[in-house]
1. Can you give me the orientation-averaged projected area of the convex hull built on the Cα atoms of segment 118-171, in nm²?
2. Given labels modelled 7 Å from the Cα in the Cβ direction, how far is it in nm from Glu68 to Leu10?
3. If exposed means no more than 15 neighbouring beta carbons inside 10 Å and the site is in a DSSP loop, what's the longest run of the chain without any exposed chymotrypsin sites (Phe, Trp or Tyr not before Pro)?
4. Roughly how large, in nm² to one decimal, is the mean projection of the convex hull of the alpha-carbon atoms in segment 78-145?
5. What residues have an amide H closer than 5 Å to that of Gly78, excluding those fewer than 5 places away on the same chain, when H is modeled at 1.01 Å from N in the peptide plane?
6. Taking θ as phi - 60°, what are the ³J(HN,Hα) couplings along segment 155-164 by the Karplus curve (6.51, -1.76, 1.60), each to the nearest whole Hz, with x for Gly and Pro?
7. Taking the inverse of the average 1/r across all pairs of different Cα atoms in segment 100-219, what Kirkwood radius in Å do you get?
8. Principal axes first, then extents: for the Cα atoms of the chain, list largest minus smallest coordinate on each axis, whole Å, largest first.
Amino acid sequence: AVSPFLTKRLAVLGLAGAIPIFNPVDEFFFSPAKKPPANDRFRFFTLARLDHLKGIDILLGAVSKMIEVNKNAEFIIGGTGAEFHKLKRQAETLKITGHVTFLGELTRQQARDQFQLCNAFVLPSRHESQGIVYTEAMACGKPCIGTRCGGPEFLINDKNGMLVNPENIPALADALLLMMQTYKHYDPEIIRDDFLRRFSFKTFASQLRPVYENVLRRR
């Protein structure tokens, strides 16, 4: 199972004994930029399939609320999906198009570039079994804002970001403002080292090998 959360869910369904092993991220491809981002405005990046579960509508609501306090932020949203046009209309209705840019579908290279260019990553999902985009951001040394919706609780900690409850627009707006205020307290090297310890290919291989060895012994 890709997280302790999913392990527990499987147990409820009668599939006890699942072993939690997080999906890995290529630590050689996703890596910190050689130079820190030099953005005129604080840049948040989001990458997701644009559907209801990913909570982008909640993010737009929080953007509308937080720019009442601090307008020096921009939100770059990558990905496409069933709600792409609906979300663009929502941004227009909220009059936040000057702060929000929808990039559409991105290649892996383009996604990696955006992770490196941003100051922080944010994705307020309604549900995640793991949430691999958080770990891709961490591989690039970026702090993350996520929700307590399953998987992110096991990814995000005090050293690499912050968590809020799902569908809570005021709490998310506060987290966005707090991230802008405390951004310099997050150490990219510490975030990257924590990622390597938990989510790299090397770690994944070391966790998966005993599983196969155990199966072979049973045979």
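No value in this document is a laboratory result; all are computed from the given coordinates. Because the structure is a prediction, the values reported are computed rather than measured. Because the Cβ atoms are built from the backbone with ideal geometry, glycine has one as well, and the counts that use them run over all protein chains shown.
1. Result: a mean projected hull area of 3.4 nm².
2. Placing both labels 7 Å along Cα→Cβ, they lie 4.5 nm apart.
3. Here the longest run is 30-219.
4. Projected over every direction and averaged, the Cα hull of segment 78-145 covers 5.2 nm².
5. Thr46, Leu47, Ala48, Leu103
6. 9, 9, 9, 5, 7, 10, x, 8, 10, 10
7. Mean inverse Cα-Cα distance, inverted, gives 15.6 Å.
8. Principal-axis extents of the chain (Cα, largest first): 62, 40, 30 Å.
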